[in-house]
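Below is one structure, written out as structure tokens, with a few remarks after it.
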Amino acid sequence: ASAASAGPADVVNEKYTTIKALVAKKLDQTTFDKTVKAELDSFVDYTELSKRTLGDRWAGLKQKDRDRFVAGFRQMIQRSYVRKFNPDAQFTMEITPAAANADDGSVIVASTIRSGTSEAGVNYAFHQVKGRWWAFDVIIDDVSMMKNYRRQFAKIWDSEGFEGLMKEIDRKNAESTSE
């Protein structure tokens, strides 16, 4: 299916097929990480994720601060997601056939990932933009990435403001580049 006509379950299936092919190529870690990040950019709506993560605080930000937050948060998300994939580990994925519609018009695609003896429920929340489905949340074993970050960021914002939150995001991103 073309990107414009693909449904959200098709998007998840396509991305995992691509990542499985990357795992099979036995790429070096740097190339693997870079390629997975590019895949994320092709289906994650970082702006929507950022907006929903900050909630009511988003509206009070100037566009330059929104852009700065999205860029920093994107880097953080990519680092976190890439760490979950080991280029040496084989995995299987099973998608639940029917996507569930949420109250806000978004669609949840449920999947189960298995690697070795471990198994995790991984659900993706999608919304449609200009006829294309984009993910804005990943829920692993019933824990929403967006809601988890919302709680963490609210604590930092409440005590240190937006600049304090950006310092923390920048610090975490700097740590990841020195690993």
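The values are calculated or read from the model by the stated rules, or taken from the named source; none is laboratory data. Bear in mind that the values here come from a model prediction, so they are computed numbers and not experimental data. Note that each Cβ is placed from the backbone with ideal geometry, even for glycine, and that neighbours are counted across all protein chains shown. What goes into the accessible areas is simple: the full protein's heavy atoms, side chains included, and nothing from ligands, DNA or RNA. Shrake-Rupley method; radii C 1.70, N 1.55, O 1.52, S 1.80 Å.
Here residue 29 fulfils each of the conditions (1) over 17 Å from the mean Cα position of the chain (by Cα); (2) in contact (Cβ under 8 Å) with a residue 12 or more places away in the chain; (3) closer than 25 Å to residue 166 by Cα apart from (3).
Restricting attention to segment 9-63, the residues being on the phi > 0 side of the Ramachandran plot and either open to solvent by 70 Å² or more (accessible area, probe 1.4 Å) or outside any helix (DSSP H, G or I) (or both) number 1. Within segment 60-70, the only residue that satisfies the criterion of being among the acidic types (Asp, Glu) and without any contact (Cβ under 8 Å) to a residue 60 or more places away in the chain is 67.
Residues that are assigned to a strand (DSSP E or B) and either aromatic (Phe, Trp, Tyr) or open to solvent by less than 30 Å² (accessible area, probe 1.4 Å) (or both) within segment 140-179 comprise just one, 144.
Evaluating residue 90 against the criteria (1) at pLDDT 80 or above; (2) touching a strand residue (DSSP E or B) at 6+ places or on another chain (Cβ under 9 Å) leaves one unmet condition, (1). Checked against (1) touching a strand residue (DSSP E or B) at 6+ places or on another chain (Cβ under 9 Å); (2) assigned to a loop (DSSP other than H, G, I, E, B), residue 77 meets all criteria but (2). Can you find even one residue in segment 84-106 that is under 12 Å from the mean Cα position of the chain (by Cα), open to solvent by less than 50 Å² (accessible area, probe 1.4 Å) and closer than 28 Å to residue 175 by Cβ? Within segment 84-106, none of the residues are under 12 Å from the mean Cα position of the chain (by Cα), open to solvent by less than 50 Å² (accessible area, probe 1.4 Å) and closer than 28 Å to residue 175 by Cβ. For segment 105-139, a residue qualifies if it is assigned to a strand (DSSP E or B), among the basic types (Lys, Arg) and out of contact with any Ser or Thr (no Cβ under 7 Å at 6 or more places or on another chain), and exactly one does: 132. Of all residues in segment 32-59, those satisfying the criterion of being farther than 19 Å from residue 81 by Cβ and touching a residue at least 24 places away in the same chain (Cβ under 8 Å) are 54, 55, 57.
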